[in-house]
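Novice: Before anything else, here's the structure in question.
What follows draws every value from the coordinates through simple rules; no lab data is involved. Bear in mind that the values here come from a model prediction, so they are computed numbers and not experimental data. All Cβ positions, glycine included, derive from the backbone under ideal geometry; neighbour counts span all protein chains shown.
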Amino acid sequence: MILFLINALKIIFLLGFLIFIHEGGHFLVAKACKIKVKEFAIGFGPTIWKKQGKETKYALRLIPLRWICKYAPERKNVQKNKVHLAKQVYLKELQ
């Protein structure tokens, strides 16, 4: 029984580490591309610890089986301009 619990903890920590690398990649690429990250958190459930950075809230939550990297929403006008620009580029390529 003890061996099972130790192996289960190893699996949980290994999966947590892999998820950390994955979500950390999202976080680093977003920062490199100047996309605002609203929240970067470890786990889900009640918050144990949190710190507010310049634009990002960092948090540690009770159940460490999920990582969160939330992006700040883009303004609607910016998104519409991107779609309009993409249509213009596409139409130019057709000519």
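Novice: Can you give the extra length, in nm with one decimal, that the chain gains between His22 and Glu39 once fully stretched, where that is 0.36 nm per residue apart less the Cα-Cα distance? List each step's numbers first, then the result.
Specialist: Numbers: separation 17, 0.36 × 17 = 6.12 nm, distance 1.54 nm.
Net length gain for the segment: 4.6 nm.
Novice: Amide H of Phe44: which non-local residues (sequence gap of 5 or more, or other chain) have their own amide H closer than 5 Å, using H built in the peptide plane?
Specialist: Leu62, Ile63, Leu65, Arg66
Novice: For Ile35, what residues show an amide H to amide H distance below 5 Å, using hydrogens built from the backbone and excluding near sequence neighbours?
Specialist: Correct list: empty.
Novice: Of the cross-linked pairs Lys10/Lys31; Lys50/Lys70; Lys10/Lys70; Lys10/Lys51; Lys34/Lys54, which ones have a Cα-Cα span greater than 21 Å in the structure shown? Write down the numbers at each step before the final one.
Specialist: Details: Lys10/Lys31 31 Å; Lys50/Lys70 15 Å; Lys10/Lys70 27 Å; Lys10/Lys51 28 Å; Lys34/Lys54 13 Å.
Pairs exceeding 21 Å: Lys10/Lys31; Lys10/Lys70; Lys10/Lys51.
Novice: Still on this model: Got a sec to turn the phi values of segment 26-41 into Karplus ³J(HN,Hα) couplings, 6.51 cos²θ - 1.76 cosθ + 1.60 with θ = phi - 60°, whole Hz, x for Gly and Pro?
Specialist: Once θ is set to phi - 60°, the couplings for segment 26-41 become 4, 4, 5, 5, 4, 5, 5, 8, 6, 8, 6, 9, 6, 8, 10, 9 Hz.
Novice: Can you pull the one-decimal nm distance between simple spin-label points at Lys70 and Leu3, each 7 Å off the Cα toward Cβ?
Specialist: 4.4
Novice: For Lys57, which sequence-distant residues (separation of 5 or more, or a different chain) have an amide H within less than 5 Å of its own amide H, given hydrogens modelled in the peptide plane?
Specialist: So Lys57 has HN proximity to Glu39, Phe40.
Novice: Add +1 for every Lys or Arg and -1 for every Asp or Glu among the other residues with Cβ under 10 Å from the Cβ of Thr47, and state the total.
Specialist: Taking every Cβ under 10 Å from that of Thr47, the sum is +3.
Novice: Something else about it: Taking the simple approach of a point 7 Å from Cα along Cα-to-Cβ for both Gln52 and Val29, what is their distance in nm?
Specialist: For Gln52 paired with Val29, the spin-label model returns 3.0 nm.
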